[in-house]
Structures are given as structure tokens and as C-alpha cells.
Amino acid sequence: AKLGYVPNPIARSLSTGKSGVLGLVFPYVDAFIDRNPFCTMVMNGVFSVAIADHYNMMLYTVRDGAFSNRNRIDPRVDGLIVALPGVNDPLPLKCAEQNFPCVAVVSGELPDPVITVNANDEEGGFLATHHLANLGHKKIMMLHGGDTVCTNRPRIAGYKRALETHGLPFDESLLVQAGFDWRPGFEAMIKILERPPQEWPTAIFAVNDLCAAGAIRAIRSRGLRVPEDFAIVGFDDTWFAATIQPTLTTVRMPIQEMGALATRLLVGEVDGQPATDRKVVLPVSLTIRASCGSTISYPTTDFAESPFFPSFLDKQP
């Protein structure tokens, strides 16, 4: 100390074989800066655990890649969190082949030994559609996101299951591809409103909150109202859902908790304490607000009581 020596993290990594750095991979370049509330909540959960466990983070996008030119995982990180991998994304499987610590979050089903952290997307699709059917709607449209995103198919399956539960026929024309952002939600809804009014739905389940916001904007642009003319339910329940006017009824996906849990599991893998539950599926619930014109409530889940939820996050704002 008197001579001014300080630890050299590069030398330490050569000695220990660990860099003290975790990687976070998102599927598109602007994910870290475009203020998408879903991505920011995943990051919040990831960073909270990483900071508490004294890890630094290295950020990647799929376009930049997490591989070197020799098709090896970047040696500057001890493990990777792969958020929102596409349906055919090879990265989680490549990590498994190379025995490199990796956790996929919001990934859909992936084969062993890949660790995955997901929410119950099918149940979420069911809850959203079930709520609209309970309000008496017979013509319920789903704006879905396309099959390149892993959460899309289970949410459609939940939508269909709820229709069947309520004795409502499935109509292919009421399953409309939009996307996971507000602009494709807006454009899809505009096309719907170009149909004859007798073909309009009375209720809409949008694949996420941003898509729902775009649909609401399109409805208003035609002089129509939510919930008076159309009831709308979203999916995610980010902070954004409470700022939309009218405030958005939406399926609560435990996004921040999923990011935190994925990081906790990855740290365990890096520290030689592998997880026993390697296919985690967290529950969802429905948050009732104004966009359906209803005050019907359903049981909710206290995620802080989940054994997967890091206890120190209970104190976070």
C-alpha cells in the first residue's frame, strides 16, 4: 500500500481464470438506448443483481455478436445472459456446446442443458382473452407479433384456449399480425378500421403494451374511443401501461424479476453452484385499469414471495 500498488484486474483474471464480467445480449442494436420499457426493465433486474454480486457488465447486440472470429465465446466475460433470443437463435445452444455459462431469458423452450427463465405466456394470453369474454365480448381480435419472437405462439394458444372455454368460435380473420412496437400496432389497427364496421371486433388483445398503445392511437385517429367503442388488453405491464390514456389493462409479466433471476442463476453457474431448476417459468397475473371499462379483479401473485426472487430486491424502489 505504501508503494502505491493496486490490484490489476487483467492480471487477476489471468490468475483466477475469471474476468469478473458478465455479458448481456439483446437481439437488436438499439435495445440499450431506444427506451423500450421491456428492455429497460430486463436491464434493471440484471444490473441490480450484478452490482450486488460485484460483477461488471459487458453489453452486446446480436449484430455485434458475442463470438470471436474463431467462433468461440468472447473470453472477456465469465458468462452470458441472452435476452429475447429469436426462435432460431444459435447463441444459447453454442454456449451449451462449449460448456460456457449462459442463461436465456424470455426465450421460449430450449433443449437441455440451456438454462431458461420465462413467464407463463400461454396463461397470459388466456387471462387477457378470458377477461374480455367475461365482459360479454363475443368478437375478440388478437394483434399478434409474428413467429420470429418466441412469446408469440404461446400467447396465441392462450387466446384460442380462452375462446374455446367461453364457447366462442375461432375466426382466422380476427388473428391479425401486427408487431411488438407501437407503429405496427397502429398500422394494423388502421387496416382493421378500413374494414366494414360490421366486421370490426368489439375487443382487442394486443401482444404487448406498445402494440396496444399503437392500436389506441389508431382508434382515436378515426374519432373512435377506448373503451366505449373498443376494449383493449395489453401484455407486459411495464410502467408505460399506466401512462397511456386510458390507462391500460394488461397482463403483468414479471420482467424485472426475470432479469434478476437470470443473473442470479448465471452467477451460480460461474461460481460453480449450478441451478437445480434449469427451466423456470414464472406466473403472470392481470392488472385491471381503464381500457376495458371494467373493475372486475382477479387474484394476483406476490412475486416478492417467490423463492426465485432475490430478497435484497425487496428493498429496491
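Restricting 184, 201 to residues that are part of a helix (DSSP H, G or I) and open to solvent by less than 60 Å² (accessible area, probe 1.4 Å) narrows the list to 184. Within the range 126-142, if we keep just the residues that are open to solvent by 10 Å² or more (accessible area, probe 1.4 Å) and not in a loop (DSSP other than H, G, I, E, B), the residue that is farthest from residue 226 (Cα to Cα) turns out to be 126.
Annotation note: of 274, 283, 196, the sole residue that is closer than 30 Å to residue 18 by Cα and either free of Cβ contacts under 8 Å to residues at least 60 places away in the same chain or within 15 Å of the chain's Cα centre (by Cα) (or both) is 274. If the condition is being assigned to a loop (DSSP other than H, G, I, E, B) and over 20 Å from the mean Cα position of the chain (by Cα), then the range 79-125 contributes 98, 99, 100, 101, 112, 113. Residue 208 falls short on exactly one of the conditions (1) surrounded by fewer than 16 Cβ atoms within 10 Å (Cβ to Cβ); (2) of a type in the set (S, T, N, Q); (3) within 28 Å of residue 252 (Cβ to Cβ), and that condition is (1).
Within the range 204-239, the residues that satisfy the criterion of being part of a strand (DSSP E or B) and among the hydrophobic types (A, V, I, L, M, F, W, C) are 204, 205, 206, 231, 232, 233, 235.
Of all residues in the range 189-214, those satisfying the criterion of being under 17 Å from residue 242 (Cβ atoms) and in contact with a strand residue (DSSP E or B) (Cβ under 7 Å, 6 or more places away or on another chain) are 206, 208, 209, 211, 212. Given the conditions (1) under 27 Å from residue 56 (Cβ atoms); (2) modelled with pLDDT of 95 or more; (3) touching a strand residue (DSSP E or B) at 6+ places or on another chain (Cβ under 6 Å), report the number of the one that residue 278 does not fulfil. Unmet condition: (2).
Of the residues contained in the range 143-160, none is found to be in a helix (DSSP H, G or I), more than 16 Å from residue 208 (Cβ to Cβ) and of a type in the set (Ser, Thr, Tyr).
Among the conditions (1) closer than 30 Å to residue 105 by Cα; (2) open to solvent by 20 Å² or more (accessible area, probe 1.4 Å), the only one that residue 225 does not satisfy is (1). Note on the range 148-179: residues that are open to solvent by 50 Å² or more (accessible area, probe 1.4 Å) and within 17 Å of residue 234 (Cα to Cα) amount to 3.
Selection of the range 23-66 for residues being exposed (fewer than 15 other Cβ atoms within 10 Å of the Cβ), modelled with pLDDT under 90 and either part of a strand (DSSP E or B) or of a type outside the set (Gly, Ala, Ser) (or both) yields 28, 29, 30, 33, 34, 35, 63, 64. Inside the range 107-125, residues that are closer than 23 Å to residue 164 by Cβ and crowded, with 24+ Cβ neighbours inside 10 Å make up a count of 4.
The values are calculated or read from the model by the stated rules, or taken from the named source; none is laboratory data. Because the structure is a prediction, the values reported are computed rather than measured. Using ideal geometry, Cβ is built from the backbone for each residue, glycine included, and neighbour counts are taken over all protein chains shown. Surface areas here come from the heavy atoms of the whole protein model, side chains and all, with no ligands, DNA or RNA. Shrake-Rupley method; radii C 1.70, N 1.55, O 1.52, S 1.80 Å.
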